[in-house]
Amino acid sequence: MKDMSPIDRPLLQVAGLSKYYGARIGCEAVGFELWPGEVMGIVGESGSGKTTLLNCLAGQLAPDAGQVLFDLDGIATDTVTMSEPERRRLARTDWAFVHQHAADGLRMNVSAGGNVGERLMAIGARRYGDIRTQALDWLGRVEISGDRIDDRPTAFSGGMRQRLQIARNLVTGPRLVFMDEPTGGLDVSVQARLLDLMRGLVREMGLSAIIVTHDLAVVRLLADRLMVMKDGQVVETGLTDQVLDDPQHGYTQLLVSSVLQV
Amino acid sequence: MSEYNFAYLDEQTKRMIRRAILKGLAIPGYQVPFASREMPMPYGWGTGGVQVSAATLTPDDTFKVIDQGADDTTNAVSIRKFFEKTAGVATTERTAEATVIQTRHRIPEQELTEDQILVYQVPIPEPLRFLEPSEVETRKMHALEEYGLMHVKLYEDIARHGEIATAYAYPVKVEGRYVMDPSPIPKFDNPKLEMAAIQLFGAGREQRIYALPPYTKVVSLDFEDYPFERTRAPQDCGLCGANDSYLDEVIMDDAGRRMFVCSDTDFCRARREDGHQGAMAAAAEALT
């Protein structure tokens, strides 16, 4: 779908990103590059700074130091120092944010169609018929049947809500998706279906994504690359299979061996 | 009269309100916060409108109050009496004679002139409120002109009812900038918002004042394929026969009899005085 031909520059360049909560470290001196079409996983235990990092990257939290350069029409633009209107525009066009709890990312008192259509209307869509058609198309793509379009998310199951949240975020064709524990709180069969769906969408749309999770199975399926965090620091990075199959850092080894083998 | 300062409020308060009004006029559609005072009437009874009227009135003004178009309902009568007592201004029921008109939920049928001021009572000034509960967020949305959410509300209307079912407090865009709640006037009145008179909106409980200067461009929001439509009951007024005024439905008994009458009582009376007669005028006469 996307024009992917000249990949000669990274989509996102992060350098020296730090966030402190008083004397405590949220995350410290994080740096990496994300290339178009690449999916990066951030893993680590609770309190390791994953979500802080993600919020800093997505402009929802102001970092204390560092740069987040996003590729805007070939110009690497620092999203930390850009003005708030610009950042908010970015957040509803080129970026998408999938929350752990769908209720945080959806308008629960607005129908499924309205939820999907909101971003379209936010960027200027003013034809009801077109908005409706696109909403139906996207509900179909996330396997929600079209006759649920006028139901509110309160009437949806957890898995459906999460899929609706994904549809709502992807409808404007963003280039970068931030996901915070997208499968958290879902039972395993629903998780599997969601992961399958996300993998399909990421490949089909050529999306870049940053996925924060503590679930190694999720990154094994979705992520190309992995970053392991502990106490606000990045302790290991590498290709997903390499990190998971041959962990170097002591903490990563602990993390990998903690997973129950069924 | 001597017990009260002119028009009840003290002069400092009136100056504060006038500053808010001037700011509102300078930024059409922008909600200006002001330090709303306790008034000797409950919130929801027009405390915002009363404060704006008090700050606007001069001893030479002629004051008119309408409630849902009528001059003789409780709210209108009590506010009119309030200013008769505290300001001693002349009052009238005739739209043309009034210089300041305080209104709840209607714009008079008769076209207003440049010499008049229309003061609205506003319950909830924030048009985005029912979709976005956070005031911090809605202010930011106004500041950054992020009005996509307003269309989500209209989308929901069409999805649920097959048309834009919002019939009152229909959101408008002012001079291509601020989205504004025109207070709960019927959408029939929306096209009249572009008028010669100054329009001031006061919300007492919510502590906001906003304004429309004369001849300000006011556009009702809609979709290209579901354009804004002005609606009225498809009847003629039972008393004066008017076919172009906004009508109230009046239930006459428990056997299903009803009649439609102009909601603007002054407009209806003037027409009847001019000799116009509706289909039920004679029957209504017999009842009284």
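What follows is calculated from the coordinates using simple rules that are stated; it is not laboratory data. All values reported here derive from a predicted model rather than from experimental measurement. Positions of Cβ are backbone-derived with ideal geometry, glycine not excepted, and every protein chain shown enters the neighbour counts.
Using every pair of separate Cα atoms, the Kirkwood estimate puts the hydrodynamic radius of the range B:1-73 at 13.7 angstrom. Against the compact-protein benchmark of 2.2 N^0.38 Å, the Cα-based radius of gyration of the range A:199-262 scales to 1.16.
For chain B, what is the Kirkwood hydrodynamic radius in Å, using each pair of distinct C-alpha atoms?
19.9
Note on the range A:135-262: the alpha carbon radius of gyration divided by the globular reference 2.2 N^0.38 Å gives 1.18.
Of the cross-linked pairs B:K23/B:K64; A:K230/B:K140; A:K19/B:K153; B:K85/B:K192, which ones have a Cα-Cα span greater than 29 Å in the structure shown?
On the way: B:K23/B:K64 25 Å; A:K230/B:K140 36 Å; A:K19/B:K153 38 Å; B:K85/B:K192 32 Å.
Too far apart for the 29 Å limit: A:K230/B:K140; A:K19/B:K153; B:K85/B:K192.
The distance between label points at B:N5 and B:A282 comes to 5.8 nm (points 7 Å beyond Cα on the Cα→Cβ vector). Loop-located trypsin sites (Lys or Arg not before Pro) in the range B:194-288 (DSSP state other than H, G, I, E, B) with a sparse environment of at most 14 neighbouring Cβ atoms within 10 Å: B:K217, B:R230, B:R257. Built from the Cα atoms of the range B:28-185, the convex hull projects on average onto 10.6 nm², one quarter of its surface area. Based on every Cα atom in the protein assembly as shown, Rg and the maximum pairwise Cα distance Dmax equal 29.9, 98 Å. At q = 0.15, 0.21, 0.23 Å⁻¹, what is the base-10 log of I(q)/I(0) for the range B:161-262 according to the Debye formula with one equal point scatterer per Cα and no solvent? Please give it to two decimals. So the normalised log intensities are -0.77, -1.13, -1.21. Of all segments of chain B bounded by chymotrypsin sites (Phe, Trp or Tyr not before Pro) found in a DSSP loop with no more than 13 other C-beta atoms within 10 Å, the longest spans B:5-129. Rounded to the nearest 500, the helix-only mean residue ellipticity at 222 nm of chain B stands at -8000 deg cm²/dmol, with each DSSP H run of n ≥ 4 adding -39,500 (n - 2.57).
Restriction of the trypsin sites (Lys or Arg not before Pro) in the range A:164-254 to DSSP coil positions whose beta-carbon has at most 11 other beta-carbons within 10 angstrom yields no sites. The GluC sites (Glu not before Pro) of the range B:146-211 meeting both criteria, a DSSP state outside H, G, I, E and B (loop) and at most 16 other C-beta atoms within 10 angstrom of the site's C-beta, are B:E163, B:E175, B:E194. Within chain A, the selection of entire DSSP H helices by a Cα span of 24 Å or greater along the long axis and an average Kyte-Doolittle value of at least -0.5 returns A:188-205. Largest first and in whole Å, the equivalent-ellipsoid semi-axes of chain A read 30, 22, 17, each the square root of five times a Cα gyration tensor eigenvalue.
Near B:A70, the amide H atoms lying under 5 Å from its own belong to B:T265; only residues 5 or more places off or on other chains count, and H is placed 1.01 Å from N. Diagonalising the gyration tensor over the Cα atoms of the range B:34-82 and scaling each eigenvalue by 5 before taking the square root yields semi-axes of 17, 15, 8 Å, largest first.
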